[in-house]
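Q: Quick one: structure below, then a few questions.
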Amino acid sequence: FLRPETAQGIFVNFRDLLYYNGGKLPFAAAQIGQSFRNEIAPRAGLLRVREFTQAEIEHFVHPDHKNHPRFVEVADTVLNLFSQDAQLGEVKKPFLMTVGEAVSKGIIANETLGYFIARCHLFLLQIGID
């Protein structure tokens, strides 16, 4: 069996990961692994298997406690957003908004999610992707 993604291993092992973290949330787990995709070639019906190396981080939080202690560090980060309402509306145009404002308006669901979106955004800017 060639697995199509790597993430499921983290979820299957959640109970053990929680135990190793002293039964406390939040915690994060990271893994690197191989995943595979079947690719149908147009010539003679050949089937090729493509192999990918993937790295993933899953961050687990308690569903009732989604505040992040370092959220204030990124709350003023400006993001180019495209909200659910904007996607469903007539005018399909992204807009600029700070992470703090997006969380307070419910565009980003909670502080933990906002924190990690901002951190990823800042990382991409730091390596030259804008």
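Q: List pairs: first residue in segment 1-27 and within 21 Å of HIS68 (Cα to Cα), second residue in a loop (DSSP other than H, G, I, E, B) anywhere in the structure, Cβ distance under 6 angstrom, at least six positions apart or on different chains.
A: LEU25/VAL61; LEU25/HIS62; PRO26/VAL61; PHE27/ASN21
Q: Among residues belonging to segment 26-66 that are of a type in the set (S, T, N, Q) and surrounded by 11 or more Cβ atoms within 10 Å (Cβ to Cβ), point out the one that is modelled with the highest pLDDT.
A: GLN31
Q: Another question, if that's okay. Which one of these does LEU96 not meet: (1) exposed (fewer than 11 other Cβ atoms within 10 Å of the Cβ); (2) under 19 Å from the mean Cα position of the chain (by Cα)?
A: If we test LEU96 against (1) exposed (fewer than 11 other Cβ atoms within 10 Å of the Cβ); (2) under 19 Å from the mean Cα position of the chain (by Cα), just (2) comes out false.
Q: Same structure, new question: Which residue pairs have Cβ atoms closer than 6 Å, lie 6 or more positions apart in sequence or on different chains, and pair a first residue in segment 115-130 that is outside any helix (DSSP H, G or I) with a second residue that is of a type in the set (Lys, Arg) and surrounded by 10 or more Cβ atoms within 10 Å (Cβ to Cβ)?
A: The qualifying pairs do not exist here.
Q: Now for a separate question. In segment 72-85, what count of residues is obtained for those that are surrounded by 13 or more Cβ atoms within 10 Å (Cβ to Cβ), out of contact with any strand residue (DSSP E or B) (no Cβ under 7 Å at 6 or more places or on another chain) and of a type in the set (A, V, I, L, M)?
A: 1
The values are calculated or read from the model by the stated rules, or taken from the named source; none is laboratory data. Since this is a predicted model, take the numbers as computed values, not measurements. Note that each Cβ is placed from the backbone with ideal geometry, even for glycine, and that neighbours are counted across all protein chains shown.
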